[in-house]
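Heads up, the thing below is written out as structure tokens.
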Amino acid sequence: MAIQLNVTDKKNLTLALAKAAQDPEMVLTTHFSVRKKDGKIKTFTLSVLNLLVRFFTLGKKGVATTQAKKSVEVALKTVQASQSIFQDAANCNHMYVLLKHTIAKARTTSTEKQQLIKKASFVRQQAFKLFKNRLEDLKEAKPEAEAEKTAIQNELGIMLQVLQNGGLDSELALVVGKFGSETAIKQLFAITMDSKDKVFATKVSQNKAYHILKNAISGSLLAENKEALKAIYAKTINWLDNRGSFFFAGRMIKEAVKMKIVQDDFFDFALSLGQPTILTKIEERPAKVSLLYILSRRALLDCKDGLNDEYVVSLAEKILARFPNLVNIPVIREIDKTSEACVSPLCIAISQNSPKLVDLFLQKGANPDALVLVEELYRLYPSAEQPEGISGPVKLINLALAKPTLYPLAKKLIEADKTKQTWVDAELITEEEREETSVERVLEKFEEKFPLAEQTADL
């Protein structure tokens with residue numbers, strides 16, 4: 001199929017180019033020839049360049065016909081100097097696509113075709129330059145009207161064609177995450193993730209894929225783009241199989257913790273895409289981890305106040321609002337282990353001295369009488385100082401009473417324990433006194449036995 005473009009019709013030129021560029025069979029034609037002695041390749045070169053010149057000069061100029069070699073030089077200079085339509089990145093890209101189709105149809109050798117492509121490549125380079133500048137603008141864009149958002153989405157399709165694998169993939173992923181549709185997300189990941197063998201063939205390609213994924217998630221969170229985030233989740237699961245949920249949740253929560261701007265309803269939507277516990281591996285052994293484990297790990301790495309950060313506590317509250325059972329589910333457990341001792345969310349909050357999280361977990365029904373696997377706790381959370389003399393499976397109350405700085409948390413456990421077992425374990429009462437002792441009386445005994453409790457609580 002051939003197309004004759006009316007280059008003087010400014011209004012419809014972009015649309016005509018766009019439609020033509022989408023058809024791989026569409027090629028450009030001219031009614032141009034040179035003297036026979038210049039040969040077929042010169043004729044074809046001039047045909048292509050003649051059309052380029054007419055395109056960029058809006059039909060006012062063509063290429064001289066008497067000296068083929070000189071005409072090529074003049075044509076290139078004319079086109080390269082043109083600045084009118086040349087400032088439209090989409091036009092440049094469409095023109096380049098059509099030129100490639102046209103050259104591919106030529107009855108010349110592959111070497112000659114490559115030479116022609118090289119001559120026309122500056123059109124593509126101009127498109128890259130213009131889209132690169134536009135990408136910088138879109139990073140900070142905050143469109144409000146639907147028409148603005150739609151216009152940006154239309155831009156992204158062509159922008160992806162031009163910029164992908166051009167050293168700007170991370171920046172591009174951020175913008176696609178912010179404004180892209182499901183189609184744009186698929187296009188973004190098509191080259192990077194559609195072939196698992198290709199992605200994991202080298203460390204470089206794997207890191208690149210992770211980086212693109214991270215930035216796309218960041219963008220979707222920044223702009224609260226539900227369509228994009230849902231598409232990102234689907235691609236991650238498809239790419240990483242069982243590890244996909246773990247990686248997606250980890251990245252999503254990490255970015256939320258770093259940004260501290262994600263609103264309640266959007267974070268809840270993000271949580272709805274995954275599962276409360278996720279399959280992974282610990283030293284090649286199958287295990288399940290909780291979203292609260294991911295949150296606590298990210299908070300300790302990225303927040304100055306760790307688990308006492310108010311935003312982190314608010315995220316924990318949102319997670320428990322959607323998945324209330326997580327409050328008593330081990331944050332991480334190897335599937336083939338059956339021991340009752342584990343690392344619970346409450347256990348982490350105590351070891352990291354986070355009164356806010358202890359209050360939240362107890363309020364949500366955490367078991368204050370849980371059994372703790374101390375070695376596992378401090379292996380997972382080495383930033384916390386392990387109390388001396390504490391090892392093996394122990395009760396939470398014993399962990400909290402091992403350091404004076406944790407006495408206020410021990411007091412919270414005692415207040416919350418309806419079974420009164422922690423009272424017995426703390427040796428505040430005997431089994432015989434369990435029934436008759438009130439919470440007020442046991443707290444008095446606690447203050448007498450652990451006099452630093454109030455002093456520490458005021459620090």
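The values are calculated or read from the model by the stated rules, or taken from the named source; none is laboratory data. As the structure is a computational prediction, the values presented were derived from the model and not from experiment. Here the Cβ is made from the backbone with ideal geometry for all residues, glycine too, and neighbour counts use every protein chain on show.
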Being surrounded by 19 or more Cβ atoms within 10 Å (Cβ to Cβ) and in contact (Cβ under 8 Å) with a residue 60 or more places away in the chain is the filter here; which residues of segment 381-408 pass it? Y381
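A quick yes/no check of all residues on (1) under 19 Å from F323 (Cα atoms); (2) without any contact (Cβ under 8 Å) to a residue 40 or more places away in the chain; (3) touching a helix residue (DSSP H, G or I) at 6+ places or on another chain (Cβ under 6 Å):
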{"residue": "A223", "(1), (2), (3)": "no, no, yes"}
{"residue": "A228", "(1), (2), (3)": "no, no, yes"}
{"residue": "A231", "(1), (2), (3)": "no, no, yes"}
{"residue": "I237", "(1), (2), (3)": "no, yes, yes"}
{"residue": "S245", "(1), (2), (3)": "yes, yes, no"}
{"residue": "M252", "(1), (2), (3)": "yes, yes, yes"}
{"residue": "L273", "(1), (2), (3)": "yes, no, yes"}
{"residue": "R285", "(1), (2), (3)": "no, no, no"}
Taking the stated definitions as given, is E415 out of contact with any strand residue (DSSP E or B) (no Cβ under 8 Å at 6 or more places or on another chain) and more than 19 Å from V439 (Cα to Cα)? no
Exactly one condition in (1) within 27 Å of V358 (Cα to Cα); (2) over 18 Å from the mean Cα position of the chain (by Cα) is not met by K260; state its number. (2)
Would you mind finding the one in S272, S290 that is surrounded by fewer than 13 Cβ atoms within 10 Å (Cβ to Cβ), polar (S, T, N, Q) and at pLDDT 85 or above? S272
Go through Q164, Q187 for me and flag whichever is surrounded by 16 or more Cβ atoms within 10 Å (Cβ to Cβ) and modelled with pLDDT under 85. Q164
Which of the residues spanning segment 370-425 are assigned to a loop (DSSP other than H, G, I, E, B), at pLDDT 90 or above and within 21 Å of N328 (Cβ to Cβ)? A370, D417, K418, T419, K420
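For residues in segment 287-315 being polar (S, T, N, Q), free of Cβ contacts under 8 Å to residues at least 60 places away in the same chain and not in a strand (DSSP E or B), which is nearest to I261 (Cα to Cα)? Even if it seems obvious, please write down each step before you answer.
Looking only at segment 287-315, we keep the residues that are polar (S, T, N, Q), and these are 290, 296, 308, 314.
Next, only the ones that are free of Cβ contacts under 8 Å to residues at least 60 places away in the same chain stay: 290, 308, 314.
In the following step, the residues that additionally are not in a strand (DSSP E or B) were identified as 308, 314.
Values: N308: 17, S314: 12 Å.
The qualifying residue nearest to I261 (Cα to Cα) is S314.
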Name the pairs: first residue in segment 254-270 and at positive phi, second residue modelled with pLDDT of 85 or more and surrounded by fewer than 20 Cβ atoms within 10 Å (Cβ to Cβ), Cβ to Cβ under 7 Å, at least 6 apart or on different chains? K260/Y311
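From K142, K198, K235, which residue is within 23 Å of T280 (Cα to Cα) and modelled with pLDDT of 85 or more?
Values: K142 fails: within 23 Å of T280 (Cα to Cα); K198 fails: modelled with pLDDT of 85 or more.
Residue meeting the stated conditions: K235.
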Cβ-Cβ under 8 Å, sequence separation 6+ or interchain: first residue in segment 102-113 and within 24 Å of L17 (Cβ to Cβ), partner surrounded by 16 or more Cβ atoms within 10 Å (Cβ to Cβ) and small (G, A, S). Which pairs? I103/A120; K113/A106
